[in-house]
Amino acid sequence: MSRRFALFTLTVVLTACQSAYFKDGRPNENSPLFEVPVGSTVVLEQELIVPAYQQDIFLQDGKAFDFSTVNKWRPYCALSLHAQTKRPKAMQADTFVVRKVSRQLLFQLAGRPVQVAGITDGSDGFQSWRVNAAVMELSSGRQPDVVKLTCAAWGLPPDATYVTLAAIRGALGGVVSLHLAGV
């Protein structure tokens, strides 16, 4: 086993052991067990344009991307419309309330087709890449067609974990801010 692989495995194991909250009740933003609470707000700080015939705009490192240019191995998020339109659609700066939160194992993110890669595990077995996603259903009185924020990164089972709040915030950067309910 390579030294690099052993270090990666140790990092994943130690990260997975982190509790969702610290002893003083603060959320642990680096724990894959922490979920964004319902009632939190997602604030779109600037206008984003969803291209024609698409329903998602992807965010990584605080920049907007088309799905084809996102680095899928690093945390990224998709802000999604209810449906695609024939013309580009502007998402205006606005505040959205998180109405429902779920975690999902996906082989595609936010409606975009994703080719699932795979590698052999060094024996006769086969492991597939997977996408562990945190899905936040959103609502806004001004923009009811903006319905979801999905954040994820690809990984290999059993090492793949859900993205942390810190990773989500890193992907959103200054374009979108996330304010936790009850904190």
Around Val146 (Cβ within 15 Å, Cβ-to-Cβ, excluding Val146; K/R +1, D/E -1) the net charge comes to -1
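Residues with beta-carbon under 13 Å from that of Ser102, excluding Ser102: net charge, scoring Lys, Arg +1 and Asp, Glu -1?
Numbers: positive: Arg99, Lys100, Arg103, Lys148; negative: Glu35, Glu137.
Cβ neighbours under 13 Å give a net charge of +2.
Give me the number: length gained by fully extending Ser19 to Val38, i.e. 0.36 nm times residue separation minus the C-alpha to C-alpha distance, one decimal in nm.
Numbers: separation 19, 0.36 × 19 = 6.84 nm, distance 1.90 nm.
Extending this stretch completely gives an extra 4.9 nm.
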Each label sits 7 Å from Cα toward the beta-carbon; between Arg142 and Thr95 the label points are separated, in nm, by 1.0 nm
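None of the figures in this text is laboratory data; all of them are computed from the coordinates on show. Everything numeric in this text was worked out from a predicted model, so none of it was measured. When we count neighbours, we look across all protein chains shown, and the Cβ atoms used for this are built from the backbone with ideal geometry, even at glycine.
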